[in-house]
Structures are given as structure tokens and as C-alpha cells.
1. Can you tell me which of (1) more than 20 Å from L285 (Cα to Cα); (2) within 15 Å of ligand 2 (Cβ to nearest atom) is the one L179 doesn't meet?
2. Among the residues in region 60-79, are any under 30 Å from P286 (Cα atoms), part of a loop (DSSP other than H, G, I, E, B) and under 18 Å from the mean Cα position of the chain (by Cα)?
3. Suppose we filter region 140-151 for residues that are small (G, A, S), farther than 20 Å from Q182 by Cβ and either without any contact (Cβ under 8 Å) to a residue 24 or more places away in the chain or crowded, with 22+ Cβ neighbours inside 10 Å (or both); how many remain?
4. Is region 159-166 home to any residue that is more than 29 Å from N47 (Cβ to Cβ), among the aromatic types (F, W, Y), in contact (Cβ under 8 Å) with a residue 60 or more places away in the chain and in contact with a Ser or Thr (Cβ under 8 Å, 6 or more places away or on another chain)?
5. Taking region 107-139 only, how many residues are crowded, with 18+ Cβ neighbours inside 10 Å, near ligand 1 (Cβ under 10 Å from one of its atoms) and of a type in the set (F, W, Y)?
6. For region 115-159, name all the residues that are part of a strand (DSSP E or B) and either more than 16 Å from ligand 2 (Cβ to nearest atom) or touching a helix residue (DSSP H, G or I) at 6+ places or on another chain (Cβ under 8 Å) (or both).
7. Report whether or not A96 is more than 14 Å from ligand 1 (Cβ to nearest atom) and either surrounded by fewer than 19 Cβ atoms within 10 Å (Cβ to Cβ) or in a strand (DSSP E or B) (or both).
Amino acid sequence: MRNVFLSAALQQEFERNGYIIMPLLSAEEVSFVLSELQLMKPDNNFNPDRPPNQPSYHLTDADTNVEYKRTAKNFIANVLASHLERIFDHYKIIGANFIIKPPGKGRFYVHHDWTFVSDPENYTSLTLWCPLVDTDESNGTLQVVEGSHRISSNIATSNVAFYCKNIEAEIVEKYSKPLCLQAGKCIVFDQGLLHHSDLNSATQPRYVMQAIVAPAEIDPVFYYFDQNAPEKGFEIFQMEPDFFIVQNGSHKPINSKSLGLIENRNKFLTEAEFIEKMRQKGWNLPIGEKDNSSLRSLR
Ligand SMILES: O=C(O)CCC(=O)C(=O)O
Ligand SMILES: [Fe+2]
């Protein structure tokens with residue numbers, strides 16, 4: 001597996017757990033990002049309204065204002081440039097978002113992040129998730145299944161189901177843990193780590209700055225799955241640098257280079273199979289309800 005971090009200690013922790021937590025932005029940088037963010041003008045005004053059965057959070061890539069998306073991505077890339085150099089072993093940004101949960105909104109269902117590498121056995125992309133306000137369960141912080149990052153080789157992308165589909169409730173109830181962060185700290189996680197987050201039940205919005213990074217030497221790819229022709233499997237497209245600014249991640253890419261088709265081998269796991277796969281990786285999962293008293297506090 002291609003190295004991720006410059007620090008050997010971080011690399012070791014990342015390989016075992018699928019994520020690490022570390023300080024990222026200073027208090028001044030956090031205030032700067034929050035104040036610049038207030039000047040940006042997404043079409044949904046950071047407060048999307050979706051039907052009650054759909055998650056309602058602001059995600060930069062899902063906005064319809066291309067100008068705003070470009071400004072936000074360039075801004076995040078500038079803020080992160082020097083930090084990425086000191087943390088990662090030659091990684092580049094392939095996507096960047098503000099993720100904002102207005103009060104009472106913003107659940108993310110259990111998922112792992114989309115696959116953006118053509119050789120997932122040897123490479124991974126990563127998500128860097130940096131809250132700009134303190135986060136805990138009350139405002140819908142990130143919850144992760146520690147160690148779940150290399151238990152399956154399923155391809156994740158839009159419009160396709162993958163292995164956790166039938167066990168989402170069990171994962172939320174029993175196997176994930178909330179990570180509480182102070183503003184400016186960040187979680188960096190493997191694209192394969194299972195995670196989710198709850199509604200923001202606090203009175204203030206939950207602001208997060210996020211970036212997706214990939215090894216500098218690889219050409220990231222987008223796996224397109226056509227629900228109307230599932231027998232075709234995935235069509236792999238090269239991702240141009242502004243892919244998420246100009247493309248709609250739910251549709252077939254327009255004017256991107258196709259690299260061919262691969263079979264869809266995604267297979268749903270039962271809870272017993274999930275537990276067994278985790279056990280094979282050295283994780284003995286607790287059976288029964290989550291015991292929140294034993295969860296590690298990271299403040
Ligand atoms: O912000 C959240 O609560 C979830 C974000 C997420 O799933 C991601 O950044 O990959
Ligand atoms: Fe995610």
C-alpha cells in the first residue's frame with residue numbers, strides 16, 4: 001500500500017484504525033475561513049431544503065452555482081496547501097467542500113466514501129474533515145467504524161449499493177463511535193472507512209471544511225454506474241481537475257475520457273459476515289447496544 005503520512009507514527013495508527021485525528025488549523029485560520037465563508041454565495045444559501053426523506057445538508061459539490069463551487073474549492077486548496085505538504089507524503093487535492101448542517105438538519109447515512117483510484121488494492125484516496133466549530137453528538141459530529149477500512153473491495157460511487165446496505169441500522173446502533181473534535185482539529189480517513197453522522201440538534205449551524213486527497217502521481221477516476229443498465233458494471237472515467245465543479249456526480253460524466261468497463265462485484269454482507277471480516281482484521285466487535293460511556297473522548 002502506498003504510504004500516506006510523512007510521520008511513521010501517524011502512518012501506523014492510520015493503517016490500524018483507518019483514520020487519524022490531528023491538529024490542523026490555528027484559531028486564527030479557523031476564524032479567517034469562517035469569515036470568508038460568510039462572503040460566499042451558494043445558490044442554496046447554505047440551507048438546502050430537500051424532501052423530508054432526503055438528507056438536508058449543504059455540500060459544496062451539490063450546489064448549482066459553478067462560480068461558488070470554484071471559489072470555495074480554490075479557497076480551501078489555498079488554506080490547506082502548506083498543511084498538506086507538512087502532513088502527507090505527496091498527496092494532492094481532488095475535491096473540496098464546505099459541509100454545513102443547519103440546526104435540525106443534516107443526517108448522513110452509513111457509507112464509505114467514493115472510490116477515486118483505479119487500483120484500490122494499492123492506493124487509496126482520503127478524506128480530510130476539519131470542523132470550524134467544536135463538534136460532538138449534539139451537533140451531528142462524524143461517527144466512524146474503527147478498522148472497517150480494508151474489509152471489502154467494493155467500489156463506492158453514486159447510484160450503486162455496496163456491502164453495508166443491509167446492515168446500516170446495526171452499524172449505527174452497535175459498531176460506530178462518535179469522534180468529538182475541537183474546531184481546527186481534523187480527521188483524516190481512508191476512503192473505505194465506514195462512517196455516518198446524525199442531525200444537528202444544536203441551535204447553531206455545524207460548519208466543516210473537507211478535502212479529498214489522492215497520491216500526487218495517480219490520475220483519479222470516477223466510477224459511473226448506470227442503474228438502468230446494471231449488467232454493464234462500472235464505466236471508469238478519467239477525472240479532470242475541476243471534475244466536481246463542472247460535473248454532476250449523479251450523472252454520466254460529459255466530455256470526460258472513458259477508460260473502459262469493469263464488472264460490478266459489490267456484494268452485500270450480513271451482520272455475521274461483517275463481524276467475521278472485522279475479526280479477521282483483528283477487531284472483536286462488541287455484541288449488543290453501543291456503550292457510549294466507554295467511547296474514547298478526544299477533547
Ligand atoms: O460531515 C459529515 O457529517 C459527514 C461528511 C462525510 O461523509 C464526508 O466528508 O465524507
Ligand atoms: Fe463520507
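1. Against the list (1) more than 20 Å from L285 (Cα to Cα); (2) within 15 Å of ligand 2 (Cβ to nearest atom), L179 comes up short only on (1).
2. no
3. The total comes to 1.
4. yes
5. 3
6. If the condition is that a residue be part of a strand (DSSP E or B) and either more than 16 Å from ligand 2 (Cβ to nearest atom) or touching a helix residue (DSSP H, G or I) at 6+ places or on another chain (Cβ under 8 Å) (or both), then L128, Q143 are the ones that fit.
7. Details: more than 14 Å from ligand 1 (Cβ to nearest atom): no; either surrounded by fewer than 19 Cβ atoms within 10 Å (Cβ to Cβ) or in a strand (DSSP E or B) (or both): yes.
Spelling it out, it is not the case that A96 is more than 14 Å from ligand 1 (Cβ to nearest atom) and either surrounded by fewer than 19 Cβ atoms within 10 Å (Cβ to Cβ) or in a strand (DSSP E or B) (or both).
Only the coordinates and a few stated rules stand behind these numbers; no lab work does. All values derive from a computational prediction rather than experimental measurement. Cβ coordinates were reconstructed from backbone atoms using ideal geometry, including for glycine residues, and neighbour counts include every protein chain displayed.
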